[in-house]
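Scroll down for the structure; my scribbles are underneath it.
Every number in this text was worked out from the coordinates using simple rules, so none of it is lab data. These figures come from a predicted structure and were not determined experimentally. Methodologically, a virtual Cβ is constructed for each residue, glycine included, from the backbone with ideal geometry; neighbour enumeration extends over all protein chains shown.
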Amino acid sequence: MPEQMVAARASETANGGAQQVDVTVVGAGFAGLYLLHRLRKAGFTAVALDSAGDVGGTWYWNRYPGARCDIQTIDYSYTFDPELERAWTWSEKYATQPEILRYLGFVADRYDLRRDIRFGTKVTAATWDEAADRWLLTTDNGAPVSCRHYIMATGCLSTPKPPEIDGVKDFKGEIYFTGRWPHEEVKLAGKRVAVIGTGSSGIQAIPLIAEQAAHLTVFQRTASFALPAQNGPAPADRLALLEQDRAAYREQARWSLAGVPWPQQMDVSWQLSDAERRERFEKAWAAGDLVYILTQLWADQGVDVDGNTLICELIREKVRGIVKDPETAAALSPHDHPFGSKRPCLDTNYYATYNRDNVTLVNLRQEPIKAITATGIETDKRTFEFDVIVFATGFDAMTGAVTAVHPITGRGGKSLSDIWANGPQTYLGLTIAGLPNLFMITGPGSPSVLSNMAPSIEQHVDWVVDRLIAMREQGFTTVEATDTAQAGWARHMADCATVTLHRLANTWYTGANVPGKPQGVMPYTGGVGPYRSICNEIVSQDMLGFRLTGPDVAEQCNDGEIVRLQPDVRLVLNMLADMKLPPLESFGAQGARDFLNEFNAARPAGRPVGEVGSGTLLGADGPLPYRLYRPATPGPHPIVVYFHGGGWVLGDELSDDPFCRDMCRRTGMIFASVGYRHAPEHRFPAAAEDGYAAARWIAEHAAELGGKPGPVLVAGWSAGGNIAAVTCQLARERGGPEIAGQLLVCPVTDCTFDRPSYTDNATGYFLTRSLMYWFWDLYSSPADRTDPRVSPLRGKLAGLPPAFVVTCEFDPLRDEGVAYAEALASAGVPVEQLQARGHFHASFTMVDVVITGVSGRVKMAHALRRFAGLAQETEGEAGIRTAAPQEINAAAS
Ligand code: N01
């Protein structure tokens, strides 16, 4: 039964004045309908405006042949009402547009929503009235609306973009846009049809148009990756999972990365054999599920070019296997963007359609369209005649529907077009500084199009309506994002995008499909679950980043940035916090070592290098183990003597294995990781003396190790950074070995604990102040601590080898690292610093976990190569592929 409606109806003022409501909702699609329902239940008066003739939003307009959803329909549904879920059963795995439209009509009827929707009504302008704290919206049909809150539920893909081809108006035949398909039947039988565009819409429509048309010519500018939908009934396994525990299934979706409950994939591509990778790929191909293939093959598929390329090649192999003409197959195979960086498509018989005699593919990369003429299309090589042209050319995505209301004028007469002159600026994709009481549902800056829209919409609607309820209870009448919060969100968005491969493609995600549109990754790439937790955190921190005002209450503004950590660092720290581990120091030295070994066993395996060997060298007081990482390139290579982290107490020559492998690959140098002696069994100066002895032994045995005779380099992380720094000082004092450069990553350099980073980052960032105290106590007595062999900052610094010093913002050791770099510089040592924003102590050694650490390691590798006098390589440094810009060039330009 429909739920009881509790809200009063909106009131219309007499004499054609503005309609007065608490909230105006623009759009009556998935988002608008749920908003209306929740607002009413919460007792707000509300009206929805939509230019369409009925409910449905995108599903009202996109009626082209073959239009379907491409998220499984059991997931692409409302979940807010279990009774609604029980009342509706989808007929297919991927429902057709008519069925989805019927569903939305069913929802509108069930909650009696249509009575508060003004169809055929477009908002033409919106103005914030500062005196009244209300929005005034003018419309193209009927009374303007005055409202306290203005919510744009206008969809991300609802404003078709113009074709941007000369001569469209000259064409005498029929013209259709997939995004504005007529309601009446379009007859294509016996006609010569052109389709321009091969994104999701084109790819769904092309096979069905080909079945009807006399001849179909497809004009393709950029080839998309498409996967067979394998449509049919909902897969039994997914359905069983849902039905077994509906609430748990939905909850898992809400906290997942893409809004569909699939687990986080942990295996990395290089851990799997070719056969295992192929098996996973074939399973995904057979499953016909975009979210599955985008997330479940291997952990590095979406964040690493190499891991991604493996999938691209497997898909291209499929295309070659289906399409008989090799030239057509080659043209249909994308080579200019990583898989997933441009929206992949789901198809039914798409590639096979090109085997039909009545279908021709025109590759616009080889013969661009010159113009549309009265009778057809002219490329720079040929002239084609058509009866029908179908534009499947896409949308002014994410911002188009928002900026279509023009002008939107906010506080102080500032307009949205000014605020967004350089691209969309938002806080959370929900609000915009300068435009109080305006909300967007799934706006730019939210997970939106990178997620299953249904749970994302529900999360946004719930968050907004819950805020409106709280404001009403507290007496606030306005809410507005602060500039600080918005700028912080932009930084966080950019940090998240750096992790992904989206930045390597020109797509509608980045605004590249619309000439002149400012470019940048518009959706939030950090994932649905993390985004939800951020929204919740904002509320628990007294609406961090919002200013709230009301006539009878004091202004509230807890200003600040919600995420200052790098996104992956935040995930790691949250995960560690969830584990509620006792402090490491409480395990005792052996217990902490055992724990570390267990912890390391669960991390992704390090990447392959040319060769890994081990051996024994002579330390200060006997033999020490070492591990050698040799690049795949022909030697001899310069040698880097590496000292692991662990507070002089923990770790061994294996414990920084992924870091050594990564740096070996990036530098093209041998990394020799030394197993120096540990405290408390061997206290100061055992580790320092071992470090020095190891560097000397390795330099003397360089040739035997396959290394280049001559100077060595030293590097280390944390206490290992300390040992590396000390080794340089001892080598200078004791007449060798010659050291060409030092890389110090988050080094311990001094024995005082009064620098601000020790207080600011005392807890909560993995390496705690108390753990550092413990390390110091186990390694050295207070009397020894000022010795430069443990506090190198107190040593003589002139004449030391050039240094690259890395410090992390959220690390107790930050300030002593900075102090060391500054002191080196003052002493005339060539020094470069990397002060890593948003990073923590382990950011750079958690290789393939903290992906944002990559750019830092690239810089470290460059520094080491420079120290060693090697040429810099931009690509393929001993096997590492950075982006190959020529391959990912402007797809749309
Ligand atoms: O639009 P698109 P769409 N000359 O932008 C080409 C969702 N959706 O409507 O890539 C020649 O993807 C353009 O070429 P290029 C889904 O999120 C979902 O297909 O710019 N060609 C491209 O090939 C999807 O991603 C479903 O080089 C021109 C095509 O037109 C989003 O909507 C179904 C051109 C446009 O592809 C948009 O999909 C459909 C020109 N001047 C859509 N201008 C579901 O299944 C553009 N192109 C749920």
Residue by residue through the range 812-822, which ³J(HN,Hα) values in whole Hz follow from phi under the Karplus form 6.51 cos²θ - 1.76 cosθ + 1.60 (θ = phi - 60°), with glycine and proline marked x?
x, 7, 3, 6, 6, x, 4, 4, 5, 4, 5
Just want to confirm a number: the relative contact order over the range 544-603, from Cα pairs under 8 angstrom separated by 6+ residues, in percent.
20 percent
Using alpha carbon positions and the Kirkwood radius, the Rg to Rh ratio of the range 126-262 is 1.10
Please list 3J(HN,Hα) in residue order for the range 410-423, calculated via the Karplus relation 6.51 cos²θ - 1.76 cosθ + 1.60 where θ = phi - 60°; whole Hz, with x for glycine and proline.
x, 4, x, x, 6, 9, 4, 5, 5, 4, 9, 4, 10, x
Relative contact order of the range 502-546, pairs being alpha-carbon contacts under 8 Å that are 6 or more residues apart, as %
22 percent
As a test of the formula, what do you get for the chain when each DSSP H run with n ≥ 4 contributes -39,500 (n - 2.57) and the sum is divided by the residue count, at 222 nm and rounded to the nearest 500 deg cm²/dmol?
-9500 deg cm²/dmol
If you wrap a convex hull around the C-alpha atoms of the range 428-493 and split its volume per residue, what is the figure in Å³?
77 Å³
Check: the range 70-224 dipole with +1 on Lys, Arg Cβ and -1 on Asp, Glu Cβ, in debye:
440 debye
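Just subtract the alpha-carbon distance of Thr138 and Lys859 from 0.36 nm times their residue separation and send over the number in nm, one decimal.
On the way: separation 721, 0.36 × 721 = 259.56 nm, distance 5.40 nm.
Residue separation times 0.36 nm, minus the Cα-Cα distance, leaves 254.2 nm.
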Cα-based helix-to-principal-axis angle, 528-540 vs the chain, degrees rounded to 10
90 degrees
Report the full-extension gain for the segment Asp81 to Arg491: residue separation times 0.36 nm, less the Cα-Cα distance, to one decimal in nm.
144.0 nm
Along each of its three principal axes, how wide is the spread of alpha-carbon positions in the chain, in whole angstrom units, largest first?
92, 74, 52
1/(1 + (r/R0)^6) with r = Cβ-Cβ of Lys41 and Arg320, R0 = 45 Å, i.e. FRET efficiency to nearest 0.05, evaluates to 0.25
Between Lys122 and Arg356, what's the calculated FRET efficiency when r is the beta-carbon distance and R0 is 41 Å? Round to 0.05.
0.50
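Between Ser540 and Asp245, what length comes free when the chain is fully extended (0.36 nm per residue of separation minus the Cα-Cα distance, one decimal in nm)? Mind showing how you got there, number by number?
Details: separation 295, 0.36 × 295 = 106.20 nm, distance 2.92 nm.
Between Ser540 and Asp245, full extension yields an extra 103.3 nm.
Relative contact order of the chain: what whole-number percent is it, with Cα pairs under 8 angstrom and at least 6 residues apart? Please report the intermediate quantities before stating the final value.
On the way: 1924 pairs, mean separation 93.7, N = 893.
The value is 10 percent.
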Distance in nm between Glu473 and Ser614 label points, each 7 Å along Cα→Cβ, equals 5.9 nm
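Please report the projected area of the range 256-349's Cα convex hull averaged over all directions, in nm².
Over every viewing direction, the Cα hull of the range 256-349 projects on average to 6.3 nm².
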Quick one: helix 686-700 against the long Cα principal axis of the chain, what's the angle to the nearest 10°, folded into 0 to 90?
90 degrees
So what are the ³J(HN,Hα) numbers for the range 787-799, from phi and the Karplus equation (6.51, -1.76, 1.60; θ = phi - 60°), rounded to whole Hz, Gly and Pro as x?
5, x, 6, 10, 10, x, 4, 8, x, 7, 10, 4, x
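Round to the nearest 0.05 the FRET efficiency obtained for Glu555 and Ser826 when R0 = 35 Å and r is the Cβ-Cβ distance. Display every interim value, and only then the final one.
Values: r = 47 Å, r/R0 = 1.34.
After rounding, the FRET efficiency stands at 0.15.
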Bin all alpha-carbon pair distances of the range 263-411 at 5 Å intervals from 0 and give each bin's fraction as a whole percent.
2, 7, 13, 15, 15, 14, 11, 9, 7, 5, 2, 1, 0
Taking 783-790, 772-779, 845-852 and ranking on average Cβ neighbours within 10 Å, highest first, one gets 845-852, 772-779, 783-790
Using amide H atoms built in the peptide plane, which far-off residues or other-chain residues are under 5 Å from His215 H to H?
Lys191, Arg192, Val193
Computed over the Cα atoms of the range 106-207, what is the convex hull's projected area averaged over all directions, in nm²?
10.8 nm²
Label 7 Å along Cα→Cβ of Ala602; the range 545-576 residues with amide nitrogen under 15 Å?
571-576
Cα extents of the range 387-431 along the three principal axes, largest first, in whole Å?
52, 22, 17
Show log10 I(q)/I(0) for the range 330-481 at q = 0.17, 0.19, 0.20 Å⁻¹, two decimals, from a solvent-free Debye sum over equal Cα scatterers.
-1.08, -1.22, -1.29
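When N is the residue count of the range 594-752, what does its C-alpha Rg come to as a fraction of 2.2 N^0.38 Å?
Cα-based Rg divided by the globular estimate yields 0.95.
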Given 273-286, 321-334, 395-408, 693-706, the highest-first ranking by average Cβ count within 10 Å works out to 395-408, 693-706, 321-334, 273-286
What whole-number value in cubic angstrom gives the convex hull volume per residue for the C-alpha atoms of the range 680-757?
108 Å³
Does the range 666-810 come out rounded, prolate or oblate, given a ≥ b ≥ c as the square roots of the eigenvalues of its C-alpha gyration tensor, rounded meaning a/c under 1.5 and, failing that, prolate meaning a/b above b/c?
prolate
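Cβ under 14 Å from Thr154's Cβ, Thr154 left aside: what net charge do those residues give with Lys, Arg +1 and Asp, Glu -1?
Details: positive: Lys122; negative: Asp50, Asp396.
Net charge around Thr154: -1.
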Specify the angular offset, from 0 to 90 degrees and rounded to the nearest 10, of the alpha carbon long axis of helix 719-733 from the longest principal axis of the alpha carbons in the chain.
40 degrees
Is the range 218-275 best put as rounded, prolate or oblate by its Cα gyration tensor, with a ≥ b ≥ c the root eigenvalues, rounded for a/c under 1.5, and otherwise prolate when a/b is larger than b/c, oblate when not?
oblate
